C-alpha cells in the first residue's frame with residue numbers, strides 16, 4: 001500500500017494545489033524537505049499525500065543514523081515514473097481543472113481496454129493516471145494477480161510499432 005509519493009515540479013505550489021483539488025483535499029507548504037516544497041493531502045483514510053519538490057531537488061542518503069538530505073542538482077524531465085491515483089471527481093470535473101491549469105487530460109484505455117484512465121500530465125513530463133470512481137472499479141476488476149498470470153500465459157502482447165519517419 002502506498003501512502004505517499006514525491007515528485008518534482010516547475011511550480012511546486014501550483015502542482016500541489018492542483019493535485020489537492022483533484023483529490024478534494026488540501027495543499028500546504030512542506031518545509032521538512034526542501035525550501036519551496038509543497039504537499040497535497042487527500043484527507044482520506046490513508047492520509048494519501050504527494051510531496052512536490054522544486055525541479056532539480058535530489059534526495060541523498062546521509063551517513064549514520066540520520067535522515068537523508070536534499071540538495072539542488074539537475075533533473076532530466078522525462079522518466080518512467082507515473083502513478084495511478086484515485087479521484088472522487090468525474091471525467092468532466094477533472095478536465096475542467098486541467099483546462100484551468102493548462103494541463104493535458106485525456107481519457108484512454110489501458111490493458112487492451114480492460115480499464116480506463118485520465119492521462120494527466122504535470123509540466124508535460126510527469127504523468128498521473130487519474131481514476132474516477134467508475135475507472136477505479138474497472139481497475140480493481142482488471143488488475144489482479146490472476147489476470148496477470150492469464151495474460152502472461154497467453155504470450156507477449158503485440159508491441160506498438162513506431163511511426164514511419166519520412167526521409
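Extending 7 Å from the Cα toward the beta-carbon at both residue 148 and residue 26 defines two label points whose distance is 3.6 nm. What FRET efficiency would be calculated for the residue pair residue 2, residue 96, taking the C-beta separation as r and a Förster radius of 22 Å, to the nearest 0.05? FRET efficiency, residue 2 to residue 96: 0.25.
Maximal additional length on extending the residue 59-residue 137 stretch stands at 24.6 nm, based on 0.36 nm per residue less the C-alpha distance.
Every number here is computed from the coordinates shown, using simple stated rules; none is lab data. None of these values were measured; they are calculated from a predicted model. Neighbour counts are summed over all protein chains in view; Cβ atoms, including those assigned to glycine, are modelled from backbone coordinates with ideal geometry.
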